[in-house]
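Structure, as structure tokens:
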Amino acid sequence: QVSCVEVLEAYIERNREVNPLTNALVCDRFEEALEEARQVDKLLAEGPGDDALDEKLPFLGVPVTIKEAFALHGMPNTSGLVSRRNVIATSDAAVVSRLKQAGAIPLGVTNCSELCMWYESSNRVYGRTNNPYDLQRIVGGSSGGEGCVLAAACSVIGVGSDIGGSIRMPAFFNGVFGHKPTTGVVPNDGQFPNAQGVRTSFLCTGPMCRYAEDLEPMLRVMAGPGVRKLKLDEKVSLEKIKFLCMDHDGGSIFVSPVDKEILQMQKKVVEHLERELGIQVQRVAVHKMKYSFQIWSAMMSSSDSDGQEAQLFTDLLGDHGKPVWPLWELIKWLVGMSSHTFPAIALGLTEKLVKLNPGGNAKLVSMGKSLQAEMETLLGPDGVLLYPSHPTVAPKHHSPLCMPFNFAYTAIFNVLGLPVTQCPLGLSSEGLPLGIQLVAGAYNDHLTLAVAQYLEKAFGGWVFPGKA
């Protein structure tokens, strides 16, 4: 009905209108994208209706945006680090290359937090990204620009990565869908920083989008041959899923209590499932979830099976240059002289403290392993757990500094290696997105994706931010 060029022009126009307010797209390739759109129109005009085209190029002419931490040829790849300000990607990350081969047209790259390790997308290279539902609020991190650009209808599909909730928090705060696949299915190659040592089994690259039906085709393309590990061709019967529900983590001292409206919405989801599917949702209380932050933190800094120590965040901050001393950076930051953000400096300091308690860490790592076994048993081959995506709706700018560990609600599933889909559930009384995490056992991504599609129909999914 419309040409590819018309589609691209509409999205480019939308970006030009919205981006001055949100600052989500930090570098564009609009001219190249329009040229690629012309090629698509030419291909379609020349060839007869080719059914094989759908299979070969499932995203032909579809606009896509890419988190700036991923290499996209010709675009910056700084991860918000001032010392990398002049780094331009000379190749494509694995998933970017696969999406391009499937016909998608990249519009540009989106903002992230410094070195992708904080849940507010703000850095000294590009500045801060603002939430399209309320510009005074955060977009989450580290794939925050991506969550924002999708929510603001400036892109159709997007690429994010997640080691502590970096796909799911921005998807939640911006009211879109985000999927953290089972670990080891989608390649992480071509992003900076990439995981090393034990963290390679916690970092996941995954799809983000406005509509639930786009998650599965994106996952297929992004996973490539790895998709064989998943059961995406299995038909899911929702009535046969064993639904479990947990309202909160059990009351960790490090984490905010869950907002009343988030709990009310979760209750509505449970009531809807029970009424419409004629099933019983089982309430569970997994005691060890109370220690989510401590477990994630200890497992992130543990050695891998070969005894290789986890890479220090302060080494990453230096990016092969001079080592970064967090205490000295803090002094410089206080007088406005540091090229790093405060959260990055604070993380560097915390890392030093964690190292001081090796015995306590070992205990927490073993608690993490037993939690993993407990969750796998609980979920089994047919279970889906409903769990809050975050204890609060999108907070105001800077306020995450007061509650730095709230990301524990998403982070725990990285170290457990489980697939999770963040599903939007309309807006709160303040007009901010609500949502829920859908968690399944390893390699059962098809279950959470099916439930996400079902809940989108029932609760309306993404809400255009201009509606209010």
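Computed from the coordinates by the stated procedures, all read-outs in this text should not be read as laboratory data. The shown structure was predicted, so the numbers you read here are calculated from the model rather than taken from an experiment. We place every Cβ from the backbone using ideal geometry, glycine too, and count neighbours over all the protein chains shown.
Taking 0.36 nm per residue of separation and subtracting the current Cα-Cα distance, fully stretching the chain between ASP315 and GLU374 would add 17.7 nm.
Below 9 angstrom from the Cβ of GLN453, what's the summed charge of the other residues (Lys, Arg +1; Asp, Glu -1)? Its environment carries a net charge of -2. Whole angstrom only: what separates the Cα centroid of region 222-249 from the Cα centroid of region 391-463? Region 222-249 and region 391-463 have Cα centres spaced 16 Å from each other. Select from ALA94, ASN77, ILE262 the residue farthest towards the positive end of the dipole of region 4-467; place +1 on Cβ of Lys and Arg, -1 on Cβ of Asp and Glu, and compute about the Cα centre. Value: ILE262. Each label was represented as a point 7 Å from its Cα along the Cα-to-Cβ direction; for GLU234 and LEU135 these points are 4.8 nm apart. Other residues lying with their Cβ under 12 Å from the Cβ of GLN266 contribute a combined charge of 0, Lys and Arg counting +1, Asp and Glu -1.
Put a plus charge on the Cβ of each Lys and Arg, a minus charge on the Cβ of each Asp and Glu, and nothing anywhere else: the dipole of the chain about its Cα centre is then about 1320 debye. Positive contributions from Lys and Arg (+1) and negative ones from Asp and Glu (-1), summed over other residues with Cβ under 11 Å from the Cβ of VAL5, come out at -3. Remark: region 336-468 carries a charge dipole of roughly 400 debye about the Cα centre, counting +1 on each Lys and Arg Cβ and -1 on each Asp and Glu Cβ.
Helical content of the chain, expressed as a calculated mean residue ellipticity at 222 nm, amounts to -11500 deg cm²/dmol (DSSP H runs of 4 or more residues, -39,500 (n - 2.57) each, divided by residue number, nearest 500). Computing FRET efficiency as 1/(1 + (r/R0)^6) for ARG124 and MET403, where r is the C-beta to C-beta distance and R0 is 22 Å, gives about 0.45. Highest mean packing first, where packing is the average number of other Cβ atoms within 10 Å per residue, the peptides 362-370, 79-87 line up as 79-87, 362-370.
Rounded, prolate or oblate: pick one for region 108-243, where a ≥ b ≥ c are the square roots of the eigenvalues of its C-alpha gyration tensor, a/c under 1.5 means rounded, and failing that, prolate if a/b is larger than b/c, else oblate. Oblate, since a/c reaches 1.5 and b/c is not below a/b. Note on region 173-204 and region 87-139: Cα centroid distance 14 Å, given to the nearest whole angstrom. Of all beta bridges that DSSP places with both ends in the chain, some 70 percent have antiparallel geometry. Only helices reaching 30 angstrom along their own axis (Cα) with mean Kyte-Doolittle hydropathy no lower than -1.0 count here, and for the DSSP H runs of the chain these are 358-379. Each of PRO58, GLY178, ALA394 was placed along the dipole of the chain (beta-carbon charges, centred on the mean Cα), and the one lying farthest toward the positive end is ALA394. Amide H contacts of GLY160: GLY206, MET208, each under 5 Å away and 5 or more positions distant or on a separate chain (H built 1.01 Å from N in the peptide plane; Pro and chain starts excluded). Summarising the amide proton neighbourhood of GLY461: residues at separation of 5 or more, or on other chains, whose placed amide H is nearer than 5 Å comprise GLY426.
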